[in-house]
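Worksheet: the structure to be examined is printed underneath.
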Amino acid sequence: ESLSEKAHRERQTVSQKLKHYGIYIGSWLLSTSLAVGCGVSIFYLCQYEDKQAVDTETWSLLQEAGTLLVPFVVSLMNMVIPLFFSLFNKFEHFSNQRKQIYAMLFRNVVLRMSILSVLCYYWVYTVPQKFTCWEPMVGQAVYRLVIVDFIFLMLGSFFGEFLSNVIGTTLQPRLGVPEFDVARNVLEIIYAQTLAWIGIYFSPLLPVIQILKFFILFYLKKVSLTRNCQPPQRSGRAAQMKTIFIFLLFFPFFVGAVSIVAYTAWSLTPSEQCGPFRGLNSTFSVIGEWIDEVDKIPGSEWVVWIYQNVIRSEIFYFLVTLIILVIIYIFWQLTQGRKELIVLLRQQIVNGSEDKSFLLDRLQNLQKSDPKHNKQKKQTTHTKQHSAEHSSGRQSHSNAVVQVLLARQQLEEEERRSASEVAVPSDISTSDAMMQAMLARQKAERQDENFYKIPNEHPPSLDAVALSMAARQRAEEEDEYWSMTDFNQSNPVNRFGMQARERAEGNREDDPNDASSPVSSVMIQVMQARQRAEEEERSQSTRVPGQNPAPSGSSALIQAMLARQQAQNEYDDGY
């Protein structure tokens, strides 16, 4: 609503603003004039009734019916004038729904307060001078207002909502179903409750009539709402509207009703011929006479003391007022602190949005300046997917562990067999370990390629890791075994190793480009492994922290390289 109102103000030109201000001023002048005119008309109508009225003992049936003129006119005004206020709202074109509701509420409150002010003035100042038993006259007038208001509310629900629904659905569909006006209905309830507060002094049984009236109205409005009306298309905020309604119920209606009753009890002289307070100077003086009667009763001195030192003490009311003011000040300070906190939170929201905009701009600039960013992003995304799928294949870990244990058991059996049989030269054993490591590395590469081609497969590179680890362990154990043996030229095993070395070198000299020779194949694989390891190190150095690690094929590659390097070193030492 705030954004739409701001945009609406920004789009308006000077001529449009002047036009709207003119419409606002004209609408407020008309609505205020209607409210004041209704109050003045009620005042002259009461004076006319006062001229026609005589003492209640000589009233005829026609005169009794004439007393319904003022309640009828008041209830008719309360039902018709708000319709003109709604017509004014259609011409004003409020951009904010809350302002429209507030304007409607204020105009209706001014209308009802003007009518009630004139009626209370007539009841308090004119009726006591005209009639000897003026309290029952005022009570009867309030009772008639409550009953006639109830009749008009029922007629308004029937003609205003039921007939509008029939016309909008059958005769004129373009009119549509009427909306349920929450503000108008709440003000009607507040007005009826104010009448009950004013009349409770003059007619003590009036609250019972009011309870029955509200009970019937509740179910009547409920049926009318569900069958004849639709909810408002634009409703105000419920919490704020509830606060406004409670404030209106307290001030000016409750405060005004209490003021009228207090003025009547403290200032006006009761009737001399009727009522429970006849013969007294004021209604409040009955408390003094009651205290005098209680003082004669033994053991009731504390009641007299409370009345003399607390109820009639100005200091007590001063202290109560001071405590209330302190409580109000505390709540006011809490409200101000919350308002300041709201301002700070809004500023934090603005700062957070500015920081996000700044970071987005920096990120866009970095993406434009770094062409490799997209490629790295794709690699990072692929790595995340690979790791996510790897986490789902936890069962392959157990298979790898089982293969490692089997490989280790096989190595131990081969060691025991080699210890009992003829020893094998270290260069042949290390080259065998080196070849096994290279085969493990090739198997890891093939499995990685198959994994990237088949996205749903689980990464089986842990098997290659296990084989390479087993090969490396076997090479280390055999190196330890052969390192304890003395080699010389006369040793047939050593001569066998030298001949294998010479055949390998001869094959390399005969066909240096042949990739099938052991040494050249090993060298090519070592170069490829080293290049791939460097590339993976560079990709890992640029990886963002918190991402999943690289595929386990790289660990198998590194294990294979280490196994080959150690085997080559041992081979050179033995040579």
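At a glance:
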read-out	value
Test for THR170: is it hydroxyl-bearing (Ser, Thr, Tyr) and closer than 20 Å to THR226 by Cβ	yes
Verdict on ILE297 being among the aliphatic types (A, V, I, L, M) and open to solvent by less than 90 Å² (accessible area, probe 1.4 Å)	no
Criterion (at positive phi and not acidic (Asp, Glu)) met by exactly one of GLY139, GLY176	GLY176
In the range 255-276, the residues that are under 58 Å from the mean Cα position of the chain (by Cα), in contact (Cβ under 8 Å) with a residue 60 or more places away in the chain and open to solvent by 50 Å² or more (accessible area, probe 1.4 Å)	VAL258, TYR263
Subset of the range 245-254 [open to solvent by 40 Å² or more (accessible area, probe 1.4 Å) and touching a residue at least 40 places away in the same chain (Cβ under 8 Å)]	LEU249, PHE254
Condition check for GLY160: of a type outside the set (Lys, Arg), under 41 Å from the mean Cα position of the chain (by Cα) and open to solvent by 20 Å² or more (accessible area, probe 1.4 Å)	yes
Answer from PRO128, PRO136 - the residue that is part of a helix (DSSP H, G or I), farther than 25 Å from TRP28 by Cα and in contact with a Cys (Cβ under 7 Å, 6 or more places away or on another chain)	PRO136
Pair list, Cβ under 6 Å, 6 or more apart: the range 277-288 residue over 17 Å from TYR307 (Cα atoms) and in a helix (DSSP H, G or I), other residue open to solvent by 60 Å² or more (accessible area, probe 1.4 Å) and modelled with pLDDT under 85	none
Any hit, the range 225-242, residues being part of a loop (DSSP other than H, G, I, E, B), within 37 Å of the chain's Cα centre (by Cα) and surrounded by 17 or more Cβ atoms within 10 Å (Cβ to Cβ)	yes
Among residues of the range 164-213, those that are open to solvent by 70 Å² or more (accessible area, probe 1.4 Å), among the β-branched types (Val, Ile, Thr) and assigned to a loop (DSSP other than H, G, I, E, B), counted	1
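The values are calculated or read from the model by the stated rules, or taken from the named source; none is laboratory data. Bear in mind that the values here come from a model prediction, so they are computed numbers and not experimental data. Counting neighbours? That spans all protein chains shown, and the Cβs are built from the backbone with ideal geometry, glycine included. Only protein heavy atoms, including side chains, enter the accessible area calculation; ligands, DNA and RNA are left aside. Shrake-Rupley method; radii C 1.70, N 1.55, O 1.52, S 1.80 Å.
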